[in-house]
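Enquirer: My questions will all concern the structure given below.
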Amino acid sequence: MVKEKQDNIVLIGMMGTGKTTVGARLAEETGYPLVDLDALISEKAGCPIPQLFAERGEPYFRDLEAAVLKDVLAQEGIILATGGGAVLREENCREMAARGWVVALKATVEEIVSRVGEDPGRPLLAGGARSRVEALLDQRRQAYDFAHVIIDTSGKSPEEVSAEILTHYRGSSN
Ligand SMILES: Nc1ncnc2c1ncn2[C@@H]1O[C@H](COP(=O)(O)OP(=O)(O)O)[C@@H](O)[C@H]1O
Ligand SMILES: O=C(O)C1=C[C@@H](OP(=O)(O)O)[C@@H](O)[C@H](O)C1
Ligand SMILES: [Mg+2]
């Protein structure tokens with residue numbers, strides 16, 4: 001354990017900033033279990049995220065996302081990798097900030113497109129990854145700013161990002 005207090009570490013940020021990957025690394029480093037919100041949603045829904053979007057629509061996904069998030073945040077001592085749109089509801093942000101130490105991951109448009117632009121697992125990027133990433137970043141311009149710490153991941157490996165987060169975490173007071 002990195003700290004005596006059983007804080008949750010909550011990762012937020014746009015698609016492709018590395019929340020799932022860095023979350024797994026942080027879990028290894030801290031011994032806290034990794035909870036990936038999308039994986040849990042997919043498990044609960046019984047189908048992959050793209051199928052959920054296609055068959056039930058985004059509003060249904062967002063309702064499920066909010067419910068699973070609330071459930072998961074009742075725990076203590078987890079690494080929570082959220083999905084990029086989990087910050088779109090204010091209530092979700094309030095819960096995350098109240099129940100965890102929130103880290104926002106950032107990356108340039110170029111890096112995001114090169115990391116996830118071709119990935120069919122991200123339905124919101126279908127039909128033109130670069131323009132979709134730009135549009136979403138524009139819509140979400142300040143959505144990630146409530147984090148306790150903001151980390152630019154561009155040009156850094158997941159290991160470097162994880163180490164940087166832990167340096168902040170060990171020095172944080174909450
Ligand atoms: N710091 C990084 N540098 C380069 N590639 C990365 C980095 N972090 C993640 N990736 C890669 O980018 C892709 C998306 O990462 P992922 O963790 O799924 O992002 P998110 O959960 O934020 O959408 C994966 O292929 C992953 O290996
Ligand atoms: O940004 C978004 O709205 C989304 C991000 C995805 O998660 P990642 O950020 O882990 O890719 C996933 O929750 C879904 O496709 C919607
Ligand atoms: Mg993810």
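Enquirer: Would you work out the relative contact order for the chain, in percent, from Cα pairs under 8 angstrom that are 6 or more residues apart? Working shown, then result.
Expert: Numbers: 247 pairs, mean separation 58.3, N = 174.
Here the relative contact order equals 34 percent.
Enquirer: Please rank His148, His168, fewest neighbouring Cβ atoms within 10 Å first, as an exposure proxy.
Expert: Working: His148 17, His168 13.
By the 10 Å Cβ count, ascending: His168, His148.
Enquirer: Subtracting the Cα-Cα distance from 0.36 nm times the residue separation, let me have the gained length for Glu160 to Ala126 in nm, one decimal. All intermediate terms of the calculation are to be shown ahead of the outcome.
Expert: Details: separation 34, 0.36 × 34 = 12.24 nm, distance 2.99 nm.
So the chain would gain 9.3 nm between Glu160 and Ala126.
Enquirer: Whose amide H sits under 5 Å from the amide H of Val102, counting only residues 5 or more places off or on another chain, with H placed in the peptide plane?
Expert: Amide H neighbours of Val102: Val10, His148, Val149.
Enquirer: What is the Rg over Rh value, at two decimals, for the chain, using alpha-carbon atoms and the Kirkwood definition of Rh? The partial results should precede the final answer.
Expert: Details: Rg = 15.3 Å, Rh = 16.2 Å.
Taking Rg over the Kirkwood Rh, I get 0.94.
Enquirer: Also, quick follow-up: Would you calculate the separation in nanometres between label points at His168 and Glu29, each defined as 7 Å from the Cα along the Cα-to-beta-carbon direction?
Expert: 1.1
Enquirer: Along the Cα→Cβ direction, 7 angstrom out, place labels at Glu55 and Gln142. What is the inter-label distance in nm?
Expert: So the two model labels end up 3.9 nm from each other.
Enquirer: Using Cα centres only, tell me the gap between region 1-60 and region 127-152 in whole Å.
Expert: Here the two parts' Cα centres lie 17 Å apart.
Enquirer: Quick one: which residues, 5 or more positions from Thr153 or on another chain, have an amide H under 5 Å from its amide H? H modelled 1.01 Å from N in the peptide plane, none for Pro or chain starts.
Expert: For Thr153, the qualifying residues are Lys106, Ala107.
Enquirer: Turning to a different aspect of this structure: Among Leu73, Cys47, Val22, flag the residue with its Cα farthest along the positive direction of the charge dipole of region 1-111, charges on Cβ as +1 for Lys/Arg and -1 for Asp/Glu.
Expert: The listed residue farthest towards the positive side: Leu73.
Enquirer: Now a separate question. Once you place label points 7 Å from the Cα toward the Cβ at Ala39 and Ser114, how far apart are they in nm?
Expert: Taking the simple label geometry, Ala39 and Ser114 are separated by 2.7 nm.
Coordinate-derived values only; no laboratory data. Since the structure is predicted, the reported quantities are computational estimates derived from the model, not experimental observations. Cβ: placed from backbone, ideal geometry, glycine included. Neighbour counts: every protein chain shown.
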